[in-house]
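One structure is given below, encoded as structure tokens.
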Amino acid sequence: MITLFQIIFWVPAIILVSIICYLMKWNKERMMLAFLTIPVLYFVVEVFDYKFFEPDYVFIRDLIGLILSVLLVIYYLVRLNKKH
């Protein structure tokens, strides 16, 4: 049942991201932002895939990684905003 809900979520999400990537005009700033969001996506998937029987340190490690990667994206956006 959980696998069915994951498929229902991921199939439209992948299609939407593919369409957005195809229609977007890429430049240096957008490429860098896309590159910096890869760790965010990885840690979001890891946090959502956490099972209750796994050790707590696994969840804490993934949560800290998610927070740090989001802060890195925010820092890049603030720096980009000051630049322009």
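Work out the charge dipole of the chain with +1 on the Cβ of Lys and Arg and -1 on the Cβ of Asp and Glu about the Cα centre, then indicate which of 78, 45, 14 is farthest towards its positive end.
Value: 78.
How much net charge surrounds residue 35 when only the other residues with a Cβ under 12 Å from the Cβ of residue 35 are counted, with Lys and Arg +1 and Asp and Glu -1?
Result for the local shell: +1.
Per residue, how much accessible area does the chain show when a 1.4 Å probe rolls over the protein heavy atoms, in square angstrom?
87
Within a Cβ distance under 15 Å of residue 84, other residues only, what is the Lys/Arg minus Asp/Glu net charge?
Counting the neighbours of residue 84, the net charge comes to +4.
Apply the Karplus parameterisation 6.51 cos²θ - 1.76 cosθ + 1.60, with θ equal to phi minus 60°, to every residue of segment 16-22 and state each ³J(HN,Hα) to the nearest whole Hz, in sequence, with x for glycine and proline.
5, 5, 4, 5, 4, 5, 5
For segment 3-74, which trypsin sites (Lys or Arg not before Pro) are in a loop by DSSP, counting at most 15 other Cβ atoms within 10 Å?
25, 51
Normalised radius of gyration for segment 3-78, please: alpha carbon Rg relative to 2.2 N^0.38 Å, two decimal places.
Segment 3-78 yields a ratio of 1.31.
What's the carbon and sulfur percent of the chain's accessible surface, probe 1.4 angstrom, rounded to a whole number?
Heavy-atom surface of the chain belonging to carbon and sulfur, 1.4 Å probe: 76 percent.
The values are calculated or read from the model by the stated rules, or taken from the named source; none is laboratory data. As the structure is a prediction and not an experimental result, all values here were calculated from the model. A quick note on method: Cβ atoms are made from the backbone with ideal geometry, for glycine too, and the neighbour counts reach across all protein chains shown. Each accessible area value is taken on the protein alone, full model and side chains, heavy atoms only, with ligands, DNA and RNA left out. Shrake-Rupley method; radii C 1.70, N 1.55, O 1.52, S 1.80 Å.
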